[in-house]
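Report on the following structure.
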Amino acid sequence: MTDLLVKGGPVLVVILALSAVSLAFALERLYHVRRAKKDHQVLMDLIVGTLEEEGAEAARRAAASFGGPVAAVLEGGLEAWISGNKTFQQGMEGREQTEFARLEKHLDIIALTADLAPLLGLLGTVTGMIDTFSVFSSHGMQQPMLLAGGISEALITTAAGLMVAIFNLAAYHYLTKQIDQLILESETCGMELQDLLQKRGRQRVSTSAQAAQNQHGAPN
């Protein structure tokens, strides 16, 4: 391993350091994304059942206790609907920005590493070839083993840069796909819950109107 680092030169050290940082962020993001993925049908059953039996405030508390970004988004919608200061959709959108921005944290570092790694590998290739031609101009072909150092640096840094870029590109696309799926699930659950709340609102208005009509028509 030490021999490989020596042959790769300082550019290889930079590539490996960058890959270690991006790997740490990728694993950290993977942990949080995995924690965020829950059975959201269970969440909807919990919220709808609580809403029917105990009302909107109890349903909001149930969403808060469930945990995860999707539950937090639905809690934001319910909170807005209960307060009446915003629409259900506005409450959801405000919470979505906060929750999913938190999930996407540090993804830019992973994407940046995927872009930088092959460029650093190319830089190592160039510096390795410069060393090779410097040796060649000084000693010619009399000592071919001296040329091996520059060629090794060029090949090792190129391979390392490509491997780091491939890993980070795959990690970035996997994580963004998982987060996009969570966003879609939150929107689907939100639409379902919003429809239910609107139906409850119409039923409440209809019941109140019927009661008022019956009271007006009752004999004095």
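Every read-out reported here was derived from the displayed coordinates using simple, explicitly stated rules and does not represent laboratory data. Computed from a predicted model, the values in this text were never measured in an experiment. Positions of Cβ are backbone-derived with ideal geometry, glycine not excepted, and every protein chain shown enters the neighbour counts.
Taking other C-beta atoms within 10 angstrom as a stand-in for reagent exposure, Leu46, Leu120, Leu27 fall in the order Leu27, Leu46, Leu120, fewest first. Here the residues Glu192, Glu93, ranked from fewest to most Cβ neighbours within 10 Å of their Cβ, fall in the order Glu192, Glu93. Near Val73, once Lys and Arg are set to +1 and Asp and Glu to -1 for all other residues with Cβ below 15 Å from its Cβ, the sum equals -4. Peptides 71-83, 96-108, 159-171 ranked from most to least packed by the mean count of surrounding Cβ atoms within 10 Å: 71-83, 159-171, 96-108.
Ranked from largest, the principal axis spans of the Cα set of the range 37-120 equal 61, 29, 15 Å.
In terms of surrounding Cβ atoms within a 10 Å radius of their Cβ, Tyr174, Tyr31 rank from fewest to most as Tyr31, Tyr174. In this rough spin-label picture, where each label sits 7 Å from Cα along the Cβ direction, the Gln90-Ala17 distance is 5.0 nm.
With a Förster radius of 35 Å applied to the C-beta separation of Arg35 and Val126, the computed FRET efficiency comes to 0.20.
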